[in-house]
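Only one structure is covered here, and it is reproduced in the block below.
The values are calculated or read from the model by the stated rules, or taken from the named source; none is laboratory data. Since the model is a prediction, treat every value here as computed from it, not as a measurement. Here Cβ is always computed from backbone atoms with ideal geometry, including for glycine, and neighbour counts include all displayed protein chains.
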Amino acid sequence: MELNITQFVRNANTHDFSASDAEMGQNAGKITWNNAVQEAASTQLITADDRDAFESWAREFGAWSIDEIKAWSLDECNALLIQYISGDLNTLESLCYSVSDEFGIDWEEAERLSEAGTIGGNICRGTDGNVYFYMGN
């Protein structure tokens, strides 16, 4: 499932949602999670209609049981997506920075690194100019 994340990419400070202990201190995980939950109240990347696709995606990680995933609120699901997407965007910013792109990303370099297996490649710029996140295998 593709999610149009253009507005999120334009407006979010992704480092608020995904950062290491070296960047934020020992409570980085708690801080970024709380920030993502707060952001999810106004940034709905998925809706209730997308819940099955999200649950399937989350199960792929093997970190949570299906019962745990089903118990999450929609805001918690969105918060997890916000954190995951933010991490991917931070990686793109770090490895594929471009001063000339409105999103700050050299999309050709991102594609090259994805094809080489250096990065996951779940985020891309569409031919329509929007930015998309692929939630799936």
Problem set entry | Filter result (buried (at least 17 other Cβ atoms within 10 Å of the Cβ) and more than 22 Å from Ile82 (Cα to Cα)) within segment 98-126 | Leu113
Seminar exercise, completed: Residues in segment 95-136 that are free of Cβ contacts under 8 Å to residues at least 12 places away in the same chain, hydroxyl-bearing (Ser, Thr, Tyr) and touching a Gly at 6+ places or on another chain (Cβ under 8 Å) total 3
For this session: Select from segment 18-33 the residues that are over 11 Å from Ile82 (Cα atoms) and outside any loop (DSSP other than H, G, I, E, B) and list them in ascending order.
Result: Asp21, Ala22, Glu23, Met24, Ala28, Gly29, Lys30, Ile31
Exercise. Any residue at all in segment 68-83 that is in contact with a strand residue (DSSP E or B) (Cβ under 9 Å, 6 or more places away or on another chain), part of a loop (DSSP other than H, G, I, E, B) and closer than 17 Å to Gln7 by Cβ?
Worked result: no
For this session: Within segment 60-73, identify whether any single residue is surrounded by 15 or more Cβ atoms within 10 Å (Cβ to Cβ), modelled with pLDDT of 95 or more, out of contact with any Gly (no Cβ under 6 Å at 6 or more places or on another chain) and closer than 24 Å to Gly126 by Cα, and answer yes or no.
Result: no
For this session: Determine whether segment 29-47 contains at least one residue that is among the aromatic types (Phe, Trp, Tyr), under 20 Å from Asn90 (Cβ atoms) and crowded, with 19+ Cβ neighbours inside 10 Å.
Result: no
